[in-house]
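**Student:** Supplied in structure tokens, the structure appears directly below.
Please treat every number below as a calculation from the coordinates, not as lab data. This one's a predicted model, so the numbers in the text were calculated from it and none came from an experiment. Cβ sites come from the backbone with ideal geometry, for glycine too, and all protein chains shown count toward neighbours.
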């Protein structure tokens, strides 16, 4: 397998998963925004010129949730995903997909308005709205994590996806976690995992 990767991106999720599973992979690193990501040879792999992308033989995928599901289905030997019909399977599915549907949209707005756009093009109202929405989205995870170590029983692909978004919420866009003790504990625990530390430092 070959992973196309940049630090501080969703590609960290895929590197984290591969490291947790102990799978061998080749990596091609980019710096976010570099010209090589916009060139035709890379856009033939990821049409939007973003990361992650994963090549596995003649299969190419470029959506992080799909890549996580693909790796777990084909290369994990039943690890990191509850069996269908188990009591945690519905939780697993919900939190596997929750991050992209609920958490990442306001994060994307905050990143664009506070990091990517030049100051003269930023809109403070957009940041305020996105910040409020992000707090609401995180509140649901906070409630779910009461008396839990992980989102769906044991550590799973759901933690790779939504757990990473929780960390990004706190560390990148500086969401206020003062009312989220469960998420603070959860994020701190995930950041102690050697596989995530490796994935973040590639």
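**Student:** When the helices in the chain are scored as -39500 (n - 2.57) per DSSP H run of 4 or longer and the sum is shared across all residues, what 222 nm value do you end up with, to the nearest 500 deg cm²/dmol?
**Tutor:** After summing the helix terms and dividing by residue count, I get -13500 deg cm²/dmol.
**Student:** For residue 97 and residue 44, FRET efficiency with R0 = 45 Å and r from the beta-carbon atoms, rounded to 0.05?
**Tutor:** FRET efficiency, residue 44 to residue 97: 0.95.
**Student:** For 185, 193, what's the fewest-to-most ordering of other Cβ within 10 Å of each Cβ?
**Tutor:** 185, 193
**Student:** If r is the Cβ-Cβ distance from residue 193 to residue 139 and R0 is 25 Å, what FRET efficiency results, to the nearest 0.05?
**Tutor:** 0.55
**Student:** Below 8 Å, C-alpha to C-alpha, sequence gap of six or more: please give me the relative contact order for the chain in percent.
**Tutor:** Reported as a whole number, the value is 24 percent.
**Student:** Taking a ≥ b ≥ c as the square roots of the Cα gyration tensor eigenvalues, with a/c under 1.5 meaning rounded and otherwise prolate when a/b beats b/c, else oblate, which class fits region 148-202?
**Tutor:** Judged from the Cα gyration tensor, region 148-202 comes out oblate (a/c at least 1.5, b/c at or above a/b).
**Student:** Please report 46, 97 as a ranked list, fewest other C-beta atoms within 10 angstrom at the top and most at the bottom.
**Tutor:** Lowest count first: 97, 46.
**Student:** Return one quarter of the surface area of the convex hull spanned by the alpha-carbon atoms of region 2-80, equal to its mean projected area, in nm².
**Tutor:** 4.9 nm²
**Student:** Let me ask another. Between residue 147 and residue 174, what length in nm is gained on full extension when 0.36 nm per residue of separation is reduced by their alpha carbon distance?
**Tutor:** So the chain would gain 7.3 nm between residue 147 and residue 174.
**Student:** Please compute the modelled spin-label separation between residue 27 and residue 108, points set 7 Å along Cα→Cβ, answer in nm with one decimal.
**Tutor:** 2.5 nm
**Student:** Fewest to most neighbouring Cβ within 10 Å: what's the order for 9, 64?
**Tutor:** 9, 64
**Student:** Take the Cα gyration tensor of region 89-200, multiply each eigenvalue by 5, square-root it, and list the three semi-axes largest first, rounded to whole angstrom.
**Tutor:** Over the Cα atoms of region 89-200, the semi-axes work out to 25, 15, 13 Å.
**Student:** For region 1-103, calculate the relative contact order in percent as a whole number, restricting contacts to Cα pairs under 8 Å that are 6 or more residues apart.
**Tutor:** Computed value for region 1-103: 25 percent relative contact order.
**Student:** List the extent of the Cα atoms of the chain along each of their three principal axes, largest first, rounded to whole Å.
**Tutor:** 46, 45, 27
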